[in-house]
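The values are calculated or read from the model by the stated rules, or taken from the named source; none is laboratory data. This is a predicted model, so every value here is computed, not measured. Using ideal geometry, Cβ is built from the backbone for each residue, glycine included, and neighbour counts are taken over all protein chains shown. Heads up: the accessible areas ignore ligands, DNA and RNA and are worked out on the full protein's heavy atoms, side chains in. Shrake-Rupley method; radii C 1.70, N 1.55, O 1.52, S 1.80 Å.
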Amino acid sequence: MTLPAEILRMRDVTRGFAEASGFHMALRRVNLAVAEGEFLAITGPSGSGKTTLLHLAAFLDRPTSGRIWFDGRDTSSMGDSELSVLRKHKIAMVFQNYVLLPYRSVLENVIFRFRYMEHDRAEAAALAREAIAKMGLIGLEGRTARRLSAGEMQRVAIARAIVRPPRLLAADEPTGNLDRASATVIMESLGELHRSGITILLVTHNEDLLAYTTRHIICKDGTIEG
């Protein structure tokens, strides 16, 4: 049997932050391998390091020490501009608070993903409409984000993330502000994206969501289990 290739590997990754009370170690010598096509859930109490782990996996942050490989490439020697290109073309983020432009339309919010990419406006709009349709938002293209429900806003955020399909989708508590019905819609949407081949990392406090994932790790005091 051929095993799936690794898309992400962390080796002895540590992340610390200087605080008024001293130096806080958010992660301590973490080792983690993520296979391409996984749907990995990361749980743990507040302050356990799970969001720090996710931000490192999405290259929104750098480790204090240790090394991270993405798609077989050692990123430890990459500069900021090289990491920016990596994020732009291969990684997307979905946040708990949506991070939408409240006075822009659904279509404009999704097109915003192309702001630093080489697409003309017509092509970007066509791709955005496809992503909007995929997320079940047909008919809402012209509505401003501030007039959407919480569940609709999160679906717009996911449409923006996948309008140019990423290799890795990092989702930080994407159902944290949603009611149960809306959370189910979001998780079913993420499940569809996973089945299409996108690797997903999900940070969540809600263990009911683990049924949608393929693997589960637990952050505790800056280390991981599972």
C-alpha center-to-center spacing [region 22-65, region 196-217] in angstrom: 15 Å
Percent carbon-and-sulfur accessible area, region 65-159, ignoring ligands, DNA and RNA, probe 1.4 Å: 48 percent
Kirkwood Rh in Å, taken over region 145-226 so that all alpha-carbon pairs contribute: 13.6 Å
5 angstrom amide H check on ALA41, placed H, neighbours 5+ away: LEU202, THR214, ARG215, HIS216, ILE217
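Using only the alpha carbon atoms of the chain, find the Kirkwood hydrodynamic radius as the inverse mean reciprocal pair distance, in angstroms to one decimal.
Values: mean 1/r = 0.0550 Å⁻¹.
Kirkwood radius, the chain: 18.2 Å.
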For region 75-89, Karplus couplings with θ = phi - 60° (6.51, -1.76, 1.60), whole Hz, Gly/Pro x: 8, 5, 9, 6, x, 4, 5, 5, 5, 4, 5, 4, 4, 4, 9
Between helix 121-134 and the chain: long-axis angle, C-alpha atoms, 0 to 90°, nearest 10: 80 degrees
Coarse-grained scattering of region 102-148 at q = 0.17 Å⁻¹, given as base-10 log I(q)/I(0) from a Debye sum over alpha-carbon atoms: -0.44
Karplus-derived HN-Hα couplings along region 42-59 (A = 6.51, B = -1.76, C = 1.60, θ = phi - 60°), whole Hz, x at Gly and Pro: 10, 10, x, x, 4, x, 7, x, 5, 5, 4, 4, 5, 5, 5, 5, 8, 6
Residue-count net charge about HIS119 - beta-carbon cut-off 11 Å; Lys, Arg +1, Asp, Glu -1: +1
Lysines whose Cα lies under 28 Å from that of LYS134, excluding same-chain neighbours fewer than 8 positions away: LYS88, LYS90
Helix axis angle, 150-162 relative to the chain longest principal axis, alpha carbon, degrees: 80 degrees
Mean accessible surface per residue for the chain, computed with a 1.4 Å probe while every protein chain stays in place, in Å²: 50 Å²
13 Å beta-carbon shell around ARG104, net charge (K/R +1, D/E -1): +4
